[in-house]
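Accompanying notes for the structure given below.
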Amino acid sequence: MAACFAIGSVCFFVGPFPGYVQLVGEGADAITFFVGSIFFTAGGALQTALAAPARHRPGGQAAWAAAAIQSLGTVFFNVTTYQALHTAITDPQYNRLVWRPDALGSVCFLVSGAIAYAAFRREGWQPAINLLGCLFFGISAIAGYVVPATGSILDLAAANWNTALGAACFFACAVSGLVSAEERQPPEPRERLHSTLN
């Protein structure tokens, strides 16, 4: 789960940078976002599945609700990034940022982040950083709004920077999850034998 979120975060961190788009082209950039959204969805699905059995225990309902709502948000990002990928391939004048799914995905992320923060803020820095990442994605969605009258993006630079900052927050939480999972692994058989003898 944490590895999926980490890979997805890297894709959303790299994708918005103008230098990356110039290096790989708009089609490959759109693929980067789409692949990132797939990893986010895989991570969200795993998180929801892992949280489901404990949802009737104290704190379990909040963990499951946050995971399920976030997972729904990742599906909206799948739709957005797929539309951008399809448009990038079929229309050379395409606009990468599509407002509606980004807005819906970002709202889901914000709700999920708020639930997780309210329930688990005393258990470490991760809930606060996760919520900060959700806020950055929300700002990105607003900045990426395509003004109907002109067809131009409200503030492309702000959309790109906030996407990257949100992804950096999610990456930090994902890496923390990977480190925590590694620390929870039981020792190797030889280490267990040594600790038993001492």
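Compared with the direct C-alpha span, the chain from Ala49 to Ala149 gains 31.7 nm at full extension, assuming 0.36 nm per residue. Per residue, the range 1-60 exposes 49 Å² of solvent-accessible protein surface, assessed with a 1.4 angstrom probe and all protein chains in place. Once the Cβ-Cβ distance of Ala158 and Gln61 is raised to the sixth power relative to R0 = 25 Å, the FRET efficiency obtained is 0.10.
Accessible surface of Phe39, taken over heavy atoms with a 1.4 Å probe and every protein chain present, rounds to 70 Å². Descending by average beta-carbon neighbour count within 10 Å, the peptides 69-77, 56-64 line up as 69-77, 56-64, the highest first. In this structure Glu123 has an accessible area near 140 Å², from a 1.4 Å probe over the protein heavy atoms.
The values are calculated or read from the model by the stated rules, or taken from the named source; none is laboratory data. Fair warning: this is a prediction, and the values are worked out from it, not measured in the lab. Here Cβ is always computed from backbone atoms with ideal geometry, including for glycine, and neighbour counts include all displayed protein chains. Just the protein is used for accessible areas: all its heavy atoms, side chains included, with ligands, DNA and RNA removed. Shrake-Rupley method; radii C 1.70, N 1.55, O 1.52, S 1.80 Å.
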